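Undergrad: My questions all concern the structure below.
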Amino acid sequence: MHGFWDFVGSYWWLIFPLSGIVGGWVKGAQKWDERRRRDKIELYRLKHADKLATAEAEEALTSEIDRTIADHEETDRRWLEYELDAVKTLEYPVITDMREQVTVDFHRARRRADGLRPEDREELRDRRRLDRYRDAVREYQLTFDIAEREAKRRRASDFTPEERRALDRAKKLLALADDAGASRAERQSAYRRATKELEGILVLPDAATEAIEQRIAGVLGRSPDDDQRA
């Protein structure tokens, strides 16, 4: 043991060049390991290229199907905001007026998109079927955007001043009819007066009428005596 330390003490200056050599060996080994790892990965990719390509294509197809269905549902949601909201319908009557060409166009596109959407989304993995459905959804989006812009631009400008005043009164009355905090008599009266104001001016969509009547179900056509008897 003393001989080793005597050697180190006599040749201590060799530590520096030797450490450099050892360090070089370590770095070289690390580079070799990294190169070997990359080679293995590349070899795996080459051996399984077809499987990887298929998996990537399937993943891309799934994403496209998801996006297309999401776009369809989002456009439906935007349309139903008007179709189910009587007050919003009165603010933007063009969007539900089937006498307007822009409205007819988007409803036609909506029906086509609905018709091309299968019940089983897996059917959309057929590329030709997906392409037709995706194009129909894009047309639905585009035509709805055009109809909505036109409705917001025109609002109620196509009506006479007196008709616009009637629409404003109807909006306020429908808001009251939809107010759960109002009394039964107030809500019943407000709804009937609103429909009276709209006679000869504008017909609410059936869906909007049904929606508001459902929300105030138990109010229309009932009297306070009905509750007392219940």
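The values are calculated or read from the model by the stated rules, or taken from the named source; none is laboratory data. Here the structure is a predicted model, which means the values were calculated and not measured. Reconstructed Cβ throughout: ideal geometry from the backbone, glycine too, with neighbour counts over all protein chains shown. Keep in mind that these areas ignore ligands, DNA and RNA; they rest on the heavy atoms of the full protein, side chains included. Shrake-Rupley method; radii C 1.70, N 1.55, O 1.52, S 1.80 Å.
Undergrad: Among what's in region 136-158 and is in a helix (DSSP H, G or I) and free of Cβ contacts under 8 Å to residues at least 40 places away in the same chain, pick the residue that is least open to solvent (accessible area, probe 1.4 Å).
TA: Ala136
Undergrad: Only one residue in Leu18, Leu61 is surrounded by 10 or more Cβ atoms within 10 Å (Cβ to Cβ), at pLDDT 75 or above and in a helix (DSSP H, G or I), so which one is that?
TA: Of Leu18, Leu61, the one residue that is surrounded by 10 or more Cβ atoms within 10 Å (Cβ to Cβ), at pLDDT 75 or above and in a helix (DSSP H, G or I) is Leu61.
Undergrad: I'm told Arg164 meets every condition in (1) under 30 Å from Glu59 (Cβ atoms); (2) basic (Lys, Arg); (3) over 27 Å from the mean Cα position of the chain (by Cα) except one. Can you identify the failing condition by its number?
TA: With respect to (1) under 30 Å from Glu59 (Cβ atoms); (2) basic (Lys, Arg); (3) over 27 Å from the mean Cα position of the chain (by Cα), Arg164 is out only on (1).
Residue by residue, here is whether (1) surrounded by fewer than 18 Cβ atoms within 10 Å (Cβ to Cβ); (2) among the polar types (S, T, N, Q); (3) at pLDDT below 95 holds:
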site	(1), (2), (3)
Asp120	yes, no, no
Arg128	yes, no, no
Arg132	yes, no, no
Ala166	no, no, no
Gly181	yes, no, yes
Gln188	no, yes, yes
Lys196	yes, no, no
Asp206	yes, no, yes
Glu210	yes, no, yes
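Undergrad: Has region 97-107 got at least one residue that is outside any helix (DSSP H, G or I) and hydrophobic (A, V, I, L, M, F, W, C)?
TA: Taking every residue of region 97-107 in turn, at least one turns out to be outside any helix (DSSP H, G or I) and hydrophobic (A, V, I, L, M, F, W, C).
Undergrad: Okay, next question. Looking at Thr89 and the list (1) touching a residue at least 40 places away in the same chain (Cβ under 8 Å); (2) farther than 26 Å from Arg192 by Cβ, which single condition is not satisfied?
TA: (2)
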